[in-house]
Amino acid sequence: MRYGMKWVLALVAAIGMAFAASPAAAQKFLVVGGGSTTGVYYQVALNVCKLVNQNLKSKGYNCIGRPALGSVFNINAIKRGLLNFGVAQSDRNWQAYNGKADWEGKAYKGLRSVFSAHAETVMLATRADTGIRKVADLRGKRVNIGNPGSGQRGNASDVLKIYGINLNDDIKAEGLQQGEASRALVDKKIDAFFYTVGNPWGGGLEIANSTALRMVPINSAGIKKLVSGNPYYVMTAIPGGIYKGVGKDVPTYAVKATFVTSAKQDKQTVYDVVKTVFDNLGKLQASHAAFKYLKPKEMLGGLSAPLHEGALRYYKEKGLK
Ligand code: GLU
């Protein structure tokens, strides 16, 4: 035997002591679910984790932001304990908490809000050569409505329904993940896609440089009615001048991207994460153009599931609640 038993025992004892001597540094792994790698959710997950890892290392935190399938997936993964936190649209939070749409008859009452982030516009993107100028022109076209698990899939089906377009009969609906949908639009394999996303969005900037990108207004009377009937929607516009070829504002409606968790997530962890984000908000704002205008007060708005107790503690301390 190369090492004597004495040494092995000494090593085991040393390791044991190292653990026993630093209980505060016990590893706390956190997994945060984002979205497609080219979207903005992934940037939220990555940059929140970066702040946590930079500021809370001494407390043992190790946070990983990972790509994921979107709002519906994230909410369900939080419920199953596969994610500690996730990014999700405020309309999907409302549906999950109240047992509607994807959660019909199975309300998820354990969903908790932490803060809201950027606004996301419901976007209908096409190429100039498709001739699609309004939602009605989608008839007979190949249209990506979003992968199952994405937040945009619900928005796409609402919009089509409001414009009287049948998802199964009137269009050729695709369920691609956004990375594939972007490529498919450029490669002319689809004619248009719906995506609910913050601006600017990296994938969109790329498409605009590869093809003649067009964006279609979504602002009929029916849409305005939908918006006025639901507190989590607002009428807005995709600002002109962001994406090459889209010079003017494109009217549409928007939701808020929110950071959510489970009621089962321990209070101290949620408190630590929220404190880190708010105490370092300048760094978060600088990390991506879509976060530039995040303001503490507004980050407590647009939340449709109850606040997590750990988040509430921080907001009360800061006089925000
Ligand atoms: N809003 C999209 C969703 O809920 C994701 C957008 C993004 O990844 O930035 O699936």
Cα-centre dipole for the range 33-94 with unit charges at Cβ (Lys and Arg positive, Asp and Glu negative), debye to 20: 220
Cα-centre dipole for the range 157-289 with unit charges at Cβ (Lys and Arg positive, Asp and Glu negative), debye to 20: 240
Which of the aspartates and glutamates could be linked to K264 by a straight reach, that is with a Cα gap under 19 Å, when you skip same-chain ones fewer than 8 residues away? D272, E309
Label point 7 Å beyond Cα of K134 along Cβ direction - residues of the range 162-185 with amide nitrogen under 13 Å: 163-164
Plugging the Cβ-Cβ distance of K248 and Q27 into 1/(1 + (r/R0)^6) at R0 = 41 Å yields, to the nearest 0.05, a FRET efficiency of 0.20
Here are some pairs, K292/K318; K172/K244; K189/K256; K188/K292; which of them have Cα atoms lying more than 24 Å apart in this structure? K172/K244; K189/K256; K188/K292
For the chain, take the longest principal axis of its alpha carbons; what is the angle in degrees between that and the long axis of helix 41-55, to the nearest 10 within 0 to 90? 20
Of the accessible area of the chain, with the probe set at 1.4 angstrom, what percent is carbon plus sulfur? 55
Over the chain, with neighbouring protein chains present, the accessible area per residue in Å² at probe 1.4 Å is 47
How big is the gap, in Å, between the Cα center of the range 238-291 and the Cα center of the range 161-230? 21
The chain, relative contact order in percent, only Cα pairs under 8 angstrom and at least six apart counted: 22
Dividing the mean separation of Cα pairs under 8 Å (6+ apart) by the residue count of the range 101-213 yields a relative contact order in percent of 38
Protection proxy (average C-beta count within 10 Å per residue), highest first, orders 139-148, 90-99 as 90-99, 139-148
Per the Kirkwood formula on distinct C-alpha pairs, the Rh of the range 99-144 is how many angstrom? 14.7
Going toward the positive end of the dipole of the chain, with +1 on Lys and Arg Cβ and -1 on Asp and Glu Cβ, which of G202, S58, G240 do you reach last? S58
Unit Cα scatterers, Debye sum, the chain: log10 I(q)/I(0) for q = 0.08, 0.12, 0.16 Å⁻¹: -0.40, -0.80, -1.30
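The values are calculated or read from the model by the stated rules, or taken from the named source; none is laboratory data. Bear in mind that the values here come from a model prediction, so they are computed numbers and not experimental data. Glycine also receives a Cβ, built like all others from the backbone with ideal geometry; neighbour counts cover every protein chain displayed. For accessibility, only protein heavy atoms count, side chains too; no ligands or nucleic acids. Shrake-Rupley method; radii C 1.70, N 1.55, O 1.52, S 1.80 Å.
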